[in-house]
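Some notes on the structure that comes next.
The values are calculated or read from the model by the stated rules, or taken from the named source; none is laboratory data. Because the structure is a prediction, the values reported are computed rather than measured. Quick reminder, even Gly has a Cβ in these numbers, built from the backbone with ideal geometry, and neighbours come from all protein chains shown.
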């Protein structure tokens, strides 16, 4: 029986995945195993805890898998100067992508200038490396999500990201659609990342269809194995 058809290839799907290595109790042996999985499936990146950046950079050396990390994680309440320091240290340790949690309370308070300033500080500290800004949509109204997108754009970051995966809810298709519709109206090419609760291939493909170019996930092997079983490599 021939495989079903999909508009995306296996490589395209794999290269949307930031393989998450963020569980607080994750042993170093599991970090190493996660890097091997990321290499074997040739995903876009691993997203690891700051303490594991050097280890992941060593394990992924020579591969096309990037090393990402988190700043202000998971609640975004660190001082803006601390977030900038975290980003600078992360780059020094070998990270090439930064996922920043904004100060959610500031955005909910309408203090957009303060949020923009902290994002801009991290973008500057990242020295040209990719910065993905986590809005944590679970806590925001639609109006605040749109406002957050404008902040990310003005501050010079590269991605708007839905969630940390540590709030009550993670990515929702309606939030992704709202973010994509908003950033599509910008002059800059601002991209969108979904994260939080993405455990099935159906979800992953739905977000890609909606315009997402990265998704954070830990069920990487299961989703990509299902893709191969259902669609083949579909090159």
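Within the range 50-64, identify whether any single residue is surrounded by fewer than 21 Cβ atoms within 10 Å (Cβ to Cβ), modelled with pLDDT of 95 or more and under 20 Å from residue 101 (Cβ atoms), and answer yes or no.
Yes.
Taking the range 221-235 on its own, how many of its residues are loosely packed, with under 15 Cβ neighbours inside 10 Å and part of a loop (DSSP other than H, G, I, E, B)?
2
Listed residues 11, 28; which is on the phi < 0 side of the Ramachandran plot and within 19 Å of the chain's Cα centre (by Cα)? Please lay out each step first, then the result.
On the way: 28 fails: within 19 Å of the chain's Cα centre (by Cα).
On inspection, the qualifying residue turns out to be 11.
Can you find even one residue in the range 169-189 that is without any contact (Cβ under 8 Å) to a residue 40 or more places away in the chain and more than 29 Å from residue 109 (Cβ to Cβ)?
Looking through the range 169-189, at least one residue is without any contact (Cβ under 8 Å) to a residue 40 or more places away in the chain and more than 29 Å from residue 109 (Cβ to Cβ).
I'd like to check something: does the range 24-43 contain any residue that is surrounded by 21 or more Cβ atoms within 10 Å (Cβ to Cβ), part of a loop (DSSP other than H, G, I, E, B), in contact with a strand residue (DSSP E or B) (Cβ under 7 Å, 6 or more places away or on another chain) and at pLDDT 95 or above?
Yes.
Could you tell me whether the range 121-130 includes any residue that is out of contact with any helix residue (DSSP H, G or I) (no Cβ under 8 Å at 6 or more places or on another chain) and either surrounded by fewer than 24 Cβ atoms within 10 Å (Cβ to Cβ) or in contact (Cβ under 8 Å) with a residue 24 or more places away in the chain (or both)?
Kept after step one, since they are out of contact with any helix residue (DSSP H, G or I) (no Cβ under 8 Å at 6 or more places or on another chain), are these residues of the range 121-130: 128, 130.
Next, only the ones that are either surrounded by fewer than 24 Cβ atoms within 10 Å (Cβ to Cβ) or in contact (Cβ under 8 Å) with a residue 24 or more places away in the chain (or both) stay: 128, 130.
Yes, the conditions are met somewhere in the range 121-130.
Out of everything in the range 65-87 that is surrounded by 18 or more Cβ atoms within 10 Å (Cβ to Cβ) and over 23 Å from residue 220 (Cα atoms), what residue ends up being farthest from the chain's Cα centre (by Cα)? First the steps, then the outcome.
Step one: filter the range 65-87 for residues surrounded by 18 or more Cβ atoms within 10 Å (Cβ to Cβ), giving 65-73, 76, 80, 83-84, 86-87.
Of the ones still in play, those that are also over 23 Å from residue 220 (Cα atoms) are 72, 76, 80, 83-84, 86-87.
Values: 72: 14, 76: 15, 80: 20, 83: 17, 84: 18, 86: 17, 87: 15 Å.
Once the filter is applied, the top-ranked residue is 80.
Taking the residues in the range 145-154 that are touching a helix residue (DSSP H, G or I) at 6+ places or on another chain (Cβ under 6 Å) and either closer than 17 Å to residue 68 by Cα or free of Cβ contacts under 8 Å to residues at least 40 places away in the same chain (or both) as candidates, determine which candidate is surrounded by the fewest Cβ atoms within 10 Å (Cβ to Cβ).
Checking each candidate, the answer is 154.
Take the residues in the range 91-111 that are assigned to a helix (DSSP H, G or I) and in contact with a helix residue (DSSP H, G or I) (Cβ under 6 Å, 6 or more places away or on another chain); name whichever of them is nearest to residue 146 (Cα to Cα). Please lay out each step first, then the result.
Our first condition is that a residue be assigned to a helix (DSSP H, G or I); within the range 91-111, this holds for 91-93, 104-108.
If we keep only those that are in contact with a helix residue (DSSP H, G or I) (Cβ under 6 Å, 6 or more places away or on another chain) as well, we get 93, 104, 106-107.
Details: 93: 33, 104: 14, 106: 15, 107: 11 Å.
If we take residues in the range 91-111 being assigned to a helix (DSSP H, G or I) and in contact with a helix residue (DSSP H, G or I) (Cβ under 6 Å, 6 or more places away or on another chain), then 107 is nearest to residue 146 (Cα to Cα).
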